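What follows is one structure encoded as structure tokens, with my remarks underneath.
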Ligand code: GRG
Ligand code: ZN
């Protein structure tokens, strides 16, 4: 047993514990809310929502709480003829939905369904069609990626591509060295990274850049002390983390910041016990779900990143999360092998 959260969380008062059963029920209820306006307002996030909910359930030790068959059917129903996935059936393909589709299929051990029933160019298998869709989004001059065929470029998309392609074992379809050079060109004087060269450091982008470097095997290019210092300064008095200086704390940064610290081996530079308490205070312990801050409305995004943050901190009873892929470690070991 190691990690700052393990010792600290066992010292927490009984009334502040992770409300596992309510969280499972909350996630299970999300798909049965079709009579609510919010369900339709969030349609553009449906596939990512499935990734957040399913991953949270796996980390909670409840992998069977959603039907595997229905999960696979839904994912396949979101695929476009160009090989990419939309957020919901009938939506245009987008890189972030495509990443979520690959992550969900990997999690339920169904990536081979792409070869059997996937759409797109069948030559060489359905996984290849997905890989080609992603590879086409790389800017071959700069090395970075766009989110869709029209969209802006952003280091989020560079990470999303390397994540999905590596799970598909198709990283060779893109120029990984150029992608690495691009990430390096986004490094700032404070040790952080932004969306593009010269853009302000932001914890979300730092996560994306570090995870991309990690997948490329080039985490050695990071200025660990400078970045570790900037990241550890994200912890505010209440124990929560913010995304950049002078901003409010928010549960999702328990993931973006803590996973970044984990990737550079400096998670102990923040107070894990205080962060654990902050995340637990953001729970709705009766109806389930976690909010961005105490007292706010819960949502599946913050529920997932709160639980994933607790897993990084070693909260007792949770499955271990992989800091690079934001998926259960067991899944990453199954897909990529123990020494990925
Ligand atoms: C598989 C985990 C995973 C991610 C997929 C989407 C993505 C790839 C990465 C996103 C990284 C990122 C930029 C996260 C930050 C999201 C966020 C909370 C943005 C809010 O930014 P502001 O400026 O908020 O609105 P602040 O907190 O700065 O006020
Ligand atoms: Zn947030």
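Every number in this text was worked out from the coordinates using simple rules, so none of it is lab data. All of these numbers come straight from a predicted model, not from anything done at the bench. Quick reminder, even Gly has a Cβ in these numbers, built from the backbone with ideal geometry, and neighbours come from all protein chains shown.
So which residues in segment 55-100 are closer than 19 Å to residue 163 by Cα and in a loop (DSSP other than H, G, I, E, B)?
Within segment 55-100, 83, 84, 86, 87, 93, 94 qualify.
Which one is farthest from residue 189 (Cα to Cα) among residues in segment 237-249 that are surrounded by fewer than 21 Cβ atoms within 10 Å (Cβ to Cβ) and within 14 Å of ligand 2 (Cβ to nearest atom)?
248
Does residue 234 satisfy the criteria of being farther than 18 Å from residue 327 by Cα, surrounded by fewer than 18 Cβ atoms within 10 Å (Cβ to Cβ) and in contact with a strand residue (DSSP E or B) (Cβ under 8 Å, 6 or more places away or on another chain)?
The answer is no for residue 234.
Considering only segment 299-323, how many residues are part of a loop (DSSP other than H, G, I, E, B) and either within 12 Å of ligand 2 (Cβ to nearest atom) or surrounded by fewer than 21 Cβ atoms within 10 Å (Cβ to Cβ) (or both)?
5
For the structure I just gave you, tell me whether residue 258 is closer than 17 Å to residue 191 by Cα, buried (at least 17 other Cβ atoms within 10 Å of the Cβ) and either within 13 Å of ligand 2 (Cβ to nearest atom) or touching a residue at least 24 places away in the same chain (Cβ under 8 Å) (or both).
Considered against the rule, which asks whether it is closer than 17 Å to residue 191 by Cα, buried (at least 17 other Cβ atoms within 10 Å of the Cβ) and either within 13 Å of ligand 2 (Cβ to nearest atom) or touching a residue at least 24 places away in the same chain (Cβ under 8 Å) (or both), residue 258 comes out as yes.
Within segment 263-286, identify whether any single residue is within 13 Å of ligand 1 (Cβ to nearest atom), surrounded by fewer than 24 Cβ atoms within 10 Å (Cβ to Cβ) and closer than 24 Å to residue 54 by Cα, and answer yes or no.
Checked segment 263-286: at least one residue is within 13 Å of ligand 1 (Cβ to nearest atom), surrounded by fewer than 24 Cβ atoms within 10 Å (Cβ to Cβ) and closer than 24 Å to residue 54 by Cα.
So is residue 90 more than 13 Å from ligand 1 (Cβ to nearest atom), buried (at least 18 other Cβ atoms within 10 Å of the Cβ) and either closer than 20 Å to residue 44 by Cβ or over 19 Å from the mean Cα position of the chain (by Cα) (or both) or not?
no
In segment 25-54, how many residues are in contact (Cβ under 8 Å) with a residue 24 or more places away in the chain and part of a loop (DSSP other than H, G, I, E, B)?
Residues in segment 25-54 being in contact (Cβ under 8 Å) with a residue 24 or more places away in the chain and part of a loop (DSSP other than H, G, I, E, B): 0 in total.
Here is a check on your reading of the model: is residue 285 part of a helix (DSSP H, G or I) and touching a residue at least 12 places away in the same chain (Cβ under 8 Å)?
Considered against the rule, which asks whether it is part of a helix (DSSP H, G or I) and touching a residue at least 12 places away in the same chain (Cβ under 8 Å), residue 285 comes out as no.
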